[in-house]
Amino acid sequence: MQMNTKFKPLENVPLNADPSPRAISICAEKVNVFYGEKQALFDIDLNVGANEVTSLIGPSGCGKSTFLRCMNRMNDTIDTCRVSGKITLDGEDIYSRDIDVVELRARVGMVFQKPNPFPKSIFENVAYGPRIHGLAHTKTDLERIVVTSLQKAGLFEEVKDRLQQPGTSLSGGQQQRLCIARAIAVQPEVILMDEPCSALDPIATAIVEELIDELRQNYTIVIVTHSMQQAARVSQQTAFFHLGNLVETGPTEKIFTTPDDPRTESYITGRIG
Amino acid sequence: MSILNIFFLVAAIGVSGYFLGRARAKNVSGGDLSKLHSLPGYAGAYVFLWATIPSVLFLAAWLMAAPFMLENTVRTGFPQTEQDTSENNQNLSMGMVRSLAGGLREFSVDERLGLPKIFEEIGPKLNERGIVLGSNGQDFMIDAAYTLIALQDKSRFWLTVIAITTSFIGAVWALSRIAIRLRARNQVETIILAGLIAASSIAVLSTIGIFLSMVAESGRFFASVPPMEFLFGTVWDPRFAAADNPGATGQFGLIPLLAGTIYIALVAMIVAVPIGLFAAIYMAEYASSRTRAIVKPLLEVLAGIPTIVYGFFALVTVGPLLRDISAQIAGIATGDGASFIQAQSVLTAGLVMGVMLIPFVSSLSDDVITQVPASMREGSLGLGATRSETMVRVLLPAALPGIVGALLLTGSRAIGETMIVVLAAGVAARLTLNPFEPMTTVTVKIVNQLTGDLEFTSPQTLVAFALGMTLFFITLGLNVYALYIVRKYREQYE
């Protein structure tokens with residue numbers, strides 16, 4: 001509770017107070033993923049541009065979430081999962097032996113489908129990443145990171161008086177923005193979002209979408225979504241997955257108006273899915 | 001007809017009622033089952049329940065009431081001289097009549113006619129068939145026994161007739177009720193619900209019963225020993241009355257026992273909690289699913305070993321080992337080879353009990369840790385936390401209330417443990433802080449006070465109930481607190 005008074009003077013911290021790391025691109029070549037015997041992805045080649053929002057669309061079970069989770073090696077936590085091929089982050093192969101997966105995940109942040117704040121205070125939720133990565137040397141540093149992250153996530157004004165309350169006490173939309181703030185606080189270069197709005201109501205969705213558009217300035221963003229309107233609204237590039245294959249990729253506008261592949265057209269017009 | 005046969009017959013009526021009911025329901029549906037309110041199986045169960053439950057309830061009521069009524073009738077037939085004697089005396093006579101009647105049943109009806117009507121003569125005849133009677137019988141008892149037999153036969157006859165008729169009427173009535181709109185399902189579900197409620201109330205009622213029986217006996221104990229002397233006494237010396245000391249009452253100080261209980265449980269928890277928790281963390285987070293599938297059941301096997309086995313493991317292996325090690329240490333340190341750890345000690349009992357408790361801690365904690373939503377774990381890993389950081393900073397804090405609940409449950413087990421203590425820490429009630437010396441616990445003393453040929457009249461035996469009450473309150477407190485914490489934990493993520 002004593003935090004409240006402490007934070008008041010910090011309200012005027014400018015939006016981009018700390019220089020965010022430059023955004024970078026991701027390049028996937030011939031990525032195959034297997035769950036046990038079952039192959040989930042087939043020879044995926046995809047380039048994700050810097051400072052762009054790339055949306056992955058496709059029917060359920062098409063492998064778009066699997067592909068997203070390849071980019072920060074979250075699939076490593078599944079015993080039976082095997083990945084082959086090459087994914088480079090700023091030219092560096094993330095599946096090479098020299099890569100420390102913990103470091104990789106600090107560079108490639110992730111926001112999950114269901115808001116998953118830790119059962120800790122709002123402050124501690126955001127401070128979690130900076131603490132484990134030693135990003136703050138003093139208490140003031142840490143407070144600054146927490147405040148700017150919450151500001152960037154557009155949540156600070158709503159929670160500035162109750163930073164010590166549990167993160168789970170927030171509404172669903174606020175929780176999701178808290179998770180985005182938590183991801184931003186680690187100062188990643190890429191943010192992966194796995195259907196970030198599927199558990200939110202339309203108003204909260206609109207706020208998060210607006211936020212995604214703002215975050216594009218500083219981060220490379222990959223978003224998995226089931227809503228084609230959302231893909232059209234927030235992304236510059238769109239990739240369409242179907243049955244484990246990458247069917248088509250290109251500028252969002254083109255995909256949604258003049259797709260090359262008939263399957264893409266069927267999907268976006270609602271005939272398959 | 002024997003009770004068992006009546007029972008089988010009623011069950012048979014019920015089962016055939018089930019099939020008839022099912023068939024009838026199918027029949028009234030005219031082949032379209034969706035027209036029925038309840039599926040044919042429910043109609044069958046409905047008939048089965050009507051055929052069995054009233055009949056069985058009647059059977060039970062009759063079997064409980066009949067002996068009293070019959071014996072009362074027989075008793076009113078006792079001669080006036082007998083009726084004038086005391087109630088106790090009449091009860092004894094009735095007992096004799098009962099055994100006489102039991103004996104006479106060994107003879108066929110025709111044989112009974114040839115038996116003498118004089119008690120002294122009928123005794124040897126019964127003896128020939130292996131029935132031994134007391135010697136204080138009187139002649140009128142033989143007549144009474146025949147009356148009793150006649151009444152019993154009559155009672156059994158009517159019981160059979162009524163039970164089976166009830167069953168049959170129930171079945172027929174239920175069958176006649178079967179119609180398309182009969183709500184058989186609802187009625188069957190209600191009966192099932194009643195059965196479930198009865199089952200759960202038995203658990204509650206027996207807890208209350210155990211508690212009440214302890215309260216009554218403890219009350220008798222506290223009538224002779226003041227509660228303050230029991231609760232705060234520091235000497236445990238319940239002398240039994242002996243030839244040279246007939247009036248011995250002894251001292252019943254709880255403190256040495258309670259101290260021993262808590263001390264040994266504490267040592268056990270110091271052993272079990274870290275090892276169990278680390279094992280749980282390994283299984284929940286690091287072990288592959290294959291390892292986990294092998295290790296977890298193996299660890300749980302430890303929980304299945306009877307505690308007496310742990311007890312003699314302590315007695316023949318751990319205790320002597322500790323004693324010998326301490327002798328060697330003492331030899332090196334002081335040149336005097338006297339062991340400072342006694343073979344039976346708090347340490348021995350604590351160590352072995354700790355090993356016994358490891359699976360409780362690890363298994364319960366493992367369940368709690370794996371119950372933390374996977375999204376917490378992924379959220380933390382996704383932020384670039386290592387597995388140990390995730391465990392220490394997210395999973396353990398989230399699981400903490402559940403783990404505390406698990407530890408408290410384990411603690412109440414440690415407090416209630418008896419066999420390991422008897423063999424590993426001895427039975428001497430001493431008050432000491434040295435873990436290398438023997439101490440004993442409340443449960444051990446309960447066993448101690450209640451073994452042998454005893455009567456529940458002296459404080460020496462009644463004290464067991466007071467000790468039991470003490471344990472009951474300690475473990476009850478721990479369990480309630482554990483439940484409270486576990487319940488609080490459930491609300492965490494909602």
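The values are calculated or read from the model by the stated rules, or taken from the named source; none is laboratory data. Not measured: the values here are computed from a predicted model. Note that each Cβ is placed from the backbone with ideal geometry, even for glycine, and that neighbours are counted across all protein chains shown.
Brief remarks follow.
- Wholly within region A:18-87, strands (runs of 3 or more DSSP E) carrying at least 3 residues that are under 18 Å from the mean Cα position of the chain (by Cα) and buried (at least 20 other Cβ atoms within 10 Å of the Cβ): A:53-57
- Single residue of region A:102-123 satisfying the filter (among the charged types (D, E, K, R) and touching a residue at least 12 places away in the same chain (Cβ under 8 Å)) that is farthest from A:ASN51 (Cα to Cα): A:LYS120
- Members of region B:369-389 that are farther than 19 Å from B:ALA287 by Cα and either more than 10 Å from chain A (Cβ to nearest Cβ) or touching a Gly at 6+ places or on another chain (Cβ under 6 Å) (or both): B:LEU383
- Where a residue in region A:36-53 is farther than 20 Å from A:LEU89 by Cβ and its partner, wherever it lies, is part of a strand (DSSP E or B), with Cβ under 6 Å and at least six apart: A:ALA40/A:VAL33; A:PHE42/A:ASN245
Yes/no per residue for (1) more than 25 Å from B:THR317 (Cβ to Cβ); (2) among the charged types (D, E, K, R):
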| position | (1), (2) |
| --- | --- |
| B:GLN344 | no, no |
| B:LEU364 | yes, no |
| B:VAL368 | yes, no |
| B:MET376 | yes, no |
| B:ARG387 | yes, yes |
| B:VAL394 | yes, no |
| B:GLY405 | yes, no |
| B:ILE415 | no, no |
| B:VAL422 | no, no |
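- Within region A:189-231, tally of residues that are part of a helix (DSSP H, G or I) and in contact with an Asp or Glu (Cβ under 8 Å, 6 or more places away or on another chain): 1
- Some residue of region A:112-121 being more than 9 Å from chain B (Cβ to nearest Cβ) and under 23 Å from A:ASN218 (Cα atoms): no
- For the condition assigned by TED's automatic domain parsing to the domain that holds B:THR307 and either more than 24 Å from the chain's Cα centre (by Cα) or of a type in the set (Phe, Trp, Tyr) (or both), B:VAL480 does not qualify.
- Any chance B:SER201 is at pLDDT 80 or above and hydroxyl-bearing (Ser, Thr, Tyr): yes
- Within this structure, B:GLY130 fails the test of being touching a Leu at 6+ places or on another chain (Cβ under 6 Å) and either closer than 23 Å to B:SER2 by Cα or buried (at least 18 other Cβ atoms within 10 Å of the Cβ) (or both).
- Criterion violated by B:PHE340 - all others in (1) in contact with a Ser or Thr (Cβ under 8 Å, 6 or more places away or on another chain); (2) under 30 Å from A:GLN175 (Cα atoms); (3) of a type outside the set (Val, Ile, Thr) satisfied: (2)
- Residue match in region A:170-179 (condition: within 20 Å of A:ASN47 (Cβ to Cβ), within 14 Å of another protein chain (Cβ to nearest Cβ) and modelled with pLDDT of 90 or more): no
- Among (1) within 14 Å of chain A (Cβ to nearest Cβ); (2) surrounded by 17 or more Cβ atoms within 10 Å (Cβ to Cβ) - the single one B:VAL392 does not satisfy: (2)
- Odd one out for B:PHE278 among (1) in a helix (DSSP H, G or I); (2) modelled with pLDDT under 85; (3) not polar (S, T, N, Q): (2)
- Residue check, A:GLY91 at positive phi and exposed (fewer than 15 other Cβ atoms within 10 Å of the Cβ): yes
- Filter pass, B:ALA11 being assigned to a helix (DSSP H, G or I) and under 25 Å from B:ALA184 (Cβ atoms): yes
- Some residue of region B:336-353 being hydroxyl-bearing (Ser, Thr, Tyr), under 25 Å from B:ALA414 (Cβ atoms) and either touching a residue at least 60 places away in the same chain (Cβ under 8 Å) or within 14 Å of chain A (Cβ to nearest Cβ) (or both): yes
- Set A:GLN217, A:GLN230, A:GLN237: member being at pLDDT below 90 and surrounded by fewer than 23 Cβ atoms within 10 Å (Cβ to Cβ): A:GLN217
- Residue match in region A:134-152 (condition: buried (at least 24 other Cβ atoms within 10 Å of the Cβ) and at the interface with chain B (Cβ under 8 Å from one of its Cβ atoms)): no
- Just one of the numbered conditions (1) under 20 Å from B:GLU189 (Cα atoms); (2) surrounded by 11 or more Cβ atoms within 10 Å (Cβ to Cβ) is not true of B:SER34: (2).
- Being modelled with pLDDT under 85 and not hydroxyl-bearing (Ser, Thr, Tyr) is not true of B:GLY411.
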